[in-house]
Amino acid sequence: MDIEHKQLVQLLPLLPVLAQLGRTQHVTETAEILGVPQPTVSRALARASAVVGTELLVRDGRGIRLTPAARTLLPYIEAALAEFQAGLDRVRHESAVVRGRISVSFQHTFGEATLPILISAFRSRHPHTAFELSQGARAGCLEDLAAGDADFALTAPVAPEGRGIRSAALYREPLRFVLHHRHPLAGRTRVHLSELRNDPFVSLPSGLGLRSLSDALFREAGFRPRTAFEGQESYTVRGLVSAGLGFGILPPAGPGSGGGQYLRAAGLGLVEVPIDSGLAFREIGIAWRERAVEPDPVRLFRELVLSEGAELLAGLVKARSGTP
């Protein structure tokens, strides 16, 4: 350790005492303000003078006054303490930020991979942040957001903007026919919806994002399906299709899809076939409320999702869509 660095190490603990002495010009008052015994202040002053190599304060009657050396040094001491205080304030602020709470309402199909990927990325930087999560249909997610019960809504299709709601798309994935593995069209590379006009349809309930997208596909094809059953979520739809009860329209299986395992020996199994339609996709996005004062944890999560969400989810999109 060189001599200058050694002197700096010796002086650092004394800076608050020197700064306060410069303000009060009185040893007793400085001791009272700092909450230390008066001899402690006197010893600190003596040590500082010894390290600097010159007197910093001289007695003037009952008080003290700064020497020219002290007047030169004091602005630097005040600046150093102010910089340290600014850093301390920032650390404390960030500590308060990461201990905040974020509420997210999301559709069922995003609970297995999409949302966990985003939360994991955020918590790797802010590990003490708490998340409040609610799962449900798209309509319910957007109602939670509008009512102030959620900070964010993760939905497909992306929520429309308006009435204080902002949104952004994160990624897009195809929709596919889900067919029993022995269906006559199971080996095709692409199927038009009209070719399944006479087949029973395993649907999702109204209010779900996937239901609205499949309804749009049927409108484009010009017919209403013969609904065999309504499953509450994609797991059920896949299971019933694997039993041969009809066909479904779902995102591709893979991470976050709830693809499930099927027993081919028992006749259970399904295949996915691309849909011959320009509407056969869903766009996943996040929505949030505009507010005059946005809590810091909410702001930080929104900024991460908007700036890095597409990149974070790129591997999931590739795995789900089978894109190169």
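The values are calculated or read from the model by the stated rules, or taken from the named source; none is laboratory data. Worth saying up front: this structure is predicted, and the values here are computed from it rather than measured. Note that each Cβ is placed from the backbone with ideal geometry, even for glycine, and that neighbours are counted across all protein chains shown. Ligands, DNA and RNA are excluded from the accessible area calculation, which covers all protein heavy atoms including side chains. Shrake-Rupley method; radii C 1.70, N 1.55, O 1.52, S 1.80 Å.
Please give me, ordered by residue number, the chymotrypsin sites (Phe, Trp or Tyr not before Pro) of region 182-237 that lie in loop per DSSP and have at most 15 other Cβ atoms within 10 Å.
On the way: sites: F201, F218, F223, F229, Y235; in loops: F223.
Sparse-neighbourhood loop chymotrypsin sites (Phe, Trp or Tyr not before Pro): F223.
Summing +1 for each Lys or Arg and -1 for each Asp or Glu, what net charge is found among the other residues whose Cβ lies under 10 Å from the Cβ of S103? Write out the running numbers ahead of the final one.
Numbers: positive: R101; negative: E132, D144, D149, D151.
Here the charged neighbours net out to -3.
How large is the dipole of the chain about the Cα centre if only Lys and Arg carry +1 and Asp and Glu carry -1, each at its Cβ, rounded to the nearest 20 debye?
Numbers: 36 positive and 33 negative charges, 84 e Å.
My answer is approximately 400 debye.
Where the Cα atoms of region 111-217 are projected onto their three principal axes, how long is each span, largest first, in whole Å?
53, 33, 20
Assuming 0.36 nm per residue, please report the length gained on full extension of the stretch A147 to E132 beyond their Cα-Cα distance. Present the calculation step by step, with values, prior to reporting the outcome.
Numbers: separation 15, 0.36 × 15 = 5.40 nm, distance 1.54 nm.
That works out to 3.9 nm of additional length.
Once R0 is set to 56 Å, what does the formula 1/(1 + (r/R0)^6) return for the Cβ-Cβ distance between A319 and A80, expressed as a FRET efficiency to the nearest 0.05? Before the final figure, lay out the partial values.
Details: r = 53 Å, r/R0 = 0.94.
Plugging the Cβ-Cβ distance into 1/(1 + (r/R0)^6) gives 0.60.
How big is the chain along each principal axis, measuring the range of its Cα positions in Å and listing the largest first?
Its Cα atoms span 107, 45, 30 Å along the three principal axes.
Given a 1.4 angstrom probe, I'd like the percentage of the accessible area of the chain that is carbon and sulfur, rounded to a whole number.
Details: 9120 of 17060 Å².
With neighbouring chains kept in place, the figure for the chain is 53 percent.
Give the calculated FRET efficiency between S212 and A310 to the nearest 0.05, with a Förster radius of 22 Å applied to their Cβ-Cβ distance. Provide the component values of the computation, followed by the final result.
Numbers: r = 23 Å, r/R0 = 1.07.
Once the sixth-power term is evaluated, E becomes 0.40.
Rounded to the nearest 0.05, what FRET efficiency do A186 and A139 give with R0 = 35 Å and r taken as the Cβ-Cβ distance? Could you check?
Values: r = 33 Å, r/R0 = 0.95.
Efficiency for this residue pair is about 0.55.
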